[in-house]
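Chemist: I'd like to ask you about the structure that follows.
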Amino acid sequence: MDSIVVQGGTPLRGQIPIAGAKNACLTLMPATLLSDEPLTLTNAPRLSDIGTMKLLLESLGAEVSALSDGKVLAMSSHGLTSTRADYDIVRKMRASNLVLGPLLAREHQAIVSLPGGCAIGARPMDIHIDALTAMGAEIDLRDGYLHAVARGGLKGARIALRFASVGATENTLMAATLAKGTTIIDNAAREPEIVDLARCLRAMGAQIEGEGTPSIIIQGVDRLHGATHAVVTDRIELGTYMLAPVIAGGEVECLGGRLDLVAAFAERLHAAGIEVTETAKGLKVRRNGERPRAVDVITEPFPGFPTDLQAQMMAMLCTAEGASVLEERIFENRFMHAPELGRMGARIDVQGGVARVTGVDRLRGAPVMATDLRASVSLILAGLAAEGETIVNRVYHLDRGYEQVEQKLSAVGARINRVKGI
Ligand code: EPU
């Protein structure tokens, strides 16, 4: 497996282009299953997870062509041949479960492998199942697969999610577009990726109101048509690169960045004494020599501080002035980067879902192990600030969510390269 080698201590200067959002693209792609006309996505990120979703959709009989070097995905589901999402693909990527809602809506049946746990937590699917059951689906678990049938099609319903799950909101929203009657999703997730999905579905002819608020109202229609849709900017890639100059020093402009996508995160940066300014092209972040100040962080559903930026924020707080408390409220096991940061000299004490970080003057480079996607990038960020060489091993996860990370960081002056493994 490849490793990333970082030589720390160089301040960063320049511009980093931010790609389309992985997590938006992974829910927009299954939306193709809702229509027999083509759906084209522009501004798609070039990531291995997108390749996995392409394989899954193709296994169902959809056509998916990656054009313009992978930035455009031209899809068509006019001739679906299967309604079974196989374990071999689903186990690689939990987002595969996002075919369940669309298949039930269009084909009235689906067999989807249960994704199982992953490194960051158990991640069950009860909220998805409860919502689709309320819409008339019968869902049984057999041989590790969810067998779902909607005899006579899905029916609109008023559904209150027990937790504002991103994936459950997406599956229910897609399913409701073709259901008979009105569906109201209460306690819906409000993430920008949900808003992007609703916009795309509306361009396909769906009738949706209230996305971005806790109540989404969907009036079912008989069919959806084709559309072309540009994927929203990746707020997590944006936040990650906003932290790079905070950690390494210097000034970086993140092209395509928008403050409304990262408001809670930018507020914490401001509290840490970091300047974030909106420019005509994006967001500029500067650290003026001084170490950032310690700040406390609690992860919450949007519009709160995103769990997907917690690891990167922790890397920054390792060298902040003072002690910070980070509380992880979305996933039960998302501090696996803490012991690895500890190998670089960070002082972190983890008790359950709470990590106390005492800032040190300097981190020291070390060989470390990447455990999940966001943990991988947090170790690279820490390496930018560390004295000497950091080798981040097992970066397989990194390529699932960050395109051209070495190129983007070396373009602003970081000393970083990839060592190919076997
Ligand atoms: N949950 C349940 N039951 C369910 C669904 C969720 O208990 O039926 C729990 C989960 O176990 C978790 C919490 O609810 O503790 C949040 O899960 P949610 O369903 O909101 O997350 P998700 O849809 O599985 C998406 C992103 C994640 C991101 C979370 C939270 C995609 C493809 N994935 O996951 O992204 O962390 O929302 O914002 O959109 C990443 O990109 O690194 C990543 C993990």
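Chemist: In segment 382-421, what count of residues is obtained for those that are farther than 20 Å from residue 51 by Cβ and either touching a strand residue (DSSP E or B) at 6+ places or on another chain (Cβ under 9 Å) or without any contact (Cβ under 8 Å) to a residue 24 or more places away in the chain (or both)? Give the derivation first.
Modeler: So in segment 382-421, the residues farther than 20 Å from residue 51 by Cβ come out as 382-393, 409-417, 419.
Narrowing further to those that are either touching a strand residue (DSSP E or B) at 6+ places or on another chain (Cβ under 9 Å) or without any contact (Cβ under 8 Å) to a residue 24 or more places away in the chain (or both): 382-384, 386-393, 409-417, 419.
Final tally of qualifying residues: 21.
Chemist: Pick from 345, 353, 273: which is in contact with a Lys or Arg (Cβ under 8 Å, 6 or more places away or on another chain) and under 21 Å from residue 14 (Cα atoms)? Talk me through it step by step, then tell me what you get.
Modeler: Working: 345 fails: under 21 Å from residue 14 (Cα atoms); 353 fails: under 21 Å from residue 14 (Cα atoms).
Every option except 273 fails the conditions.
Chemist: Shifting gears a bit: Residues 197, 243, 201, 283: which one is assigned to a helix (DSSP H, G or I), more than 24 Å from residue 101 (Cα to Cα) and touching a residue at least 12 places away in the same chain (Cβ under 8 Å)?
Modeler: 243
Chemist: Is it true that residue 173 is open to solvent by less than 20 Å² (accessible area, probe 1.4 Å), modelled with pLDDT of 95 or more, outside any strand (DSSP E or B) and within 16 Å of the ligand (Cβ to nearest atom)?
Modeler: The answer is yes for residue 173.
Chemist: Just to check your reading of the model, which residue among 197, 261, 243 is buried (at least 17 other Cβ atoms within 10 Å of the Cβ), modelled with pLDDT of 95 or more and within 25 Å of residue 67 (Cα to Cα)?
Modeler: On the way: 261 fails: within 25 Å of residue 67 (Cα to Cα); 243 fails: within 25 Å of residue 67 (Cα to Cα).
Answer to the selection: 197.
Chemist: For segment 11-49, how many residues meet the condition of being open to solvent by 10 Å² or more (accessible area, probe 1.4 Å), within 21 Å of residue 92 (Cβ to Cβ) and either among the basic types (Lys, Arg) or not in a loop (DSSP other than H, G, I, E, B) (or both)?
Modeler: Looking only at that region, the number is 4.
Chemist: Does any residue of segment 115-133 turn out to be open to solvent by 30 Å² or more (accessible area, probe 1.4 Å), under 25 Å from residue 25 (Cβ atoms) and either more than 11 Å from the ligand (Cβ to nearest atom) or among the polar types (S, T, N, Q) (or both)?
Modeler: Within segment 115-133, one or more residues are open to solvent by 30 Å² or more (accessible area, probe 1.4 Å), under 25 Å from residue 25 (Cβ atoms) and either more than 11 Å from the ligand (Cβ to nearest atom) or among the polar types (S, T, N, Q) (or both).
Chemist: Here's another thing I want to ask about it. Could you give every pair whose Cβ atoms fall below 9 Å, whose first residue belongs to segment 66-82 and is on the phi > 0 side of the Ramachandran plot, and whose second residue is surrounded by fewer than 16 Cβ atoms within 10 Å (Cβ to Cβ) and not in a helix (DSSP H, G or I), counting only separations of at least 6 or pairs across chains?
Modeler: Taking only residues 6 or more apart or on different chains, the pairs are 68/42; 69/46; 70/46.
Chemist: Using beta carbons and a limit of 6 Å, which pairs, at least six apart or on different chains, have the first residue in segment 248-277 and acidic (Asp, Glu) and the second one crowded, with 20+ Cβ neighbours inside 10 Å?
Modeler: 251/245; 253/282
Chemist: Right, next: In segment 1-31, how many are touching an Asp or Glu at 6+ places or on another chain (Cβ under 9 Å) and either without any contact (Cβ under 8 Å) to a residue 40 or more places away in the chain or not hydrophobic (A, V, I, L, M, F, W, C) (or both)?
Modeler: Summing the residues that are touching an Asp or Glu at 6+ places or on another chain (Cβ under 9 Å) and either without any contact (Cβ under 8 Å) to a residue 40 or more places away in the chain or not hydrophobic (A, V, I, L, M, F, W, C) (or both) in segment 1-31 gives 13.
Chemist: Taking the conditions exactly as written (open to solvent by less than 60 Å² (accessible area, probe 1.4 Å) and farther than 20 Å from residue 14 by Cβ), does residue 283 satisfy them or not? Before you say what the answer is, go through the steps one by one.
Modeler: Numbers: open to solvent by less than 60 Å² (accessible area, probe 1.4 Å): yes; farther than 20 Å from residue 14 by Cβ: no.
No.
Chemist: Residues in segment 83-102 that are in contact (Cβ under 8 Å) with a residue 60 or more places away in the chain and either small (Gly, Ala, Ser) or in contact with a helix residue (DSSP H, G or I) (Cβ under 6 Å, 6 or more places away or on another chain) (or both): how many?
Modeler: Counting residues in segment 83-102 that are in contact (Cβ under 8 Å) with a residue 60 or more places away in the chain and either small (Gly, Ala, Ser) or in contact with a helix residue (DSSP H, G or I) (Cβ under 6 Å, 6 or more places away or on another chain) (or both) gives 7.
Chemist: Mind checking whether some residue in segment 333-351 is closer than 22 Å to residue 290 by Cβ, more than 14 Å from the ligand (Cβ to nearest atom), among the small types (Gly, Ala, Ser) and within 23 Å of the chain's Cα centre (by Cα)?
Modeler: Taking every residue of segment 333-351 in turn, none turns out to be closer than 22 Å to residue 290 by Cβ, more than 14 Å from the ligand (Cβ to nearest atom), among the small types (Gly, Ala, Ser) and within 23 Å of the chain's Cα centre (by Cα).
Chemist: Please go through segment 176-190 and give me each residue that is within 16 Å of the ligand (Cβ to nearest atom), touching a strand residue (DSSP E or B) at 6+ places or on another chain (Cβ under 6 Å) and open to solvent by 10 Å² or more (accessible area, probe 1.4 Å), ordered by number. Before you say what the answer is, go through the steps one by one.
Modeler: Within segment 176-190, the first condition is being within 16 Å of the ligand (Cβ to nearest atom), and the residues that meet it are 185-190.
In the following step, the residues that additionally are touching a strand residue (DSSP E or B) at 6+ places or on another chain (Cβ under 6 Å) were identified as 185-188.
The answer is 186, 187.
The values are calculated or read from the model by the stated rules, or taken from the named source; none is laboratory data. All figures in this text were calculated on a predicted structure; none of them were measured in a lab. Cβ atoms come from the backbone with ideal geometry, glycine included; neighbour counts cover every protein chain shown. Please note that ligands, DNA and RNA were not included when accessible areas were found on the heavy atoms of the full protein model with its side chains. Shrake-Rupley method; radii C 1.70, N 1.55, O 1.52, S 1.80 Å.
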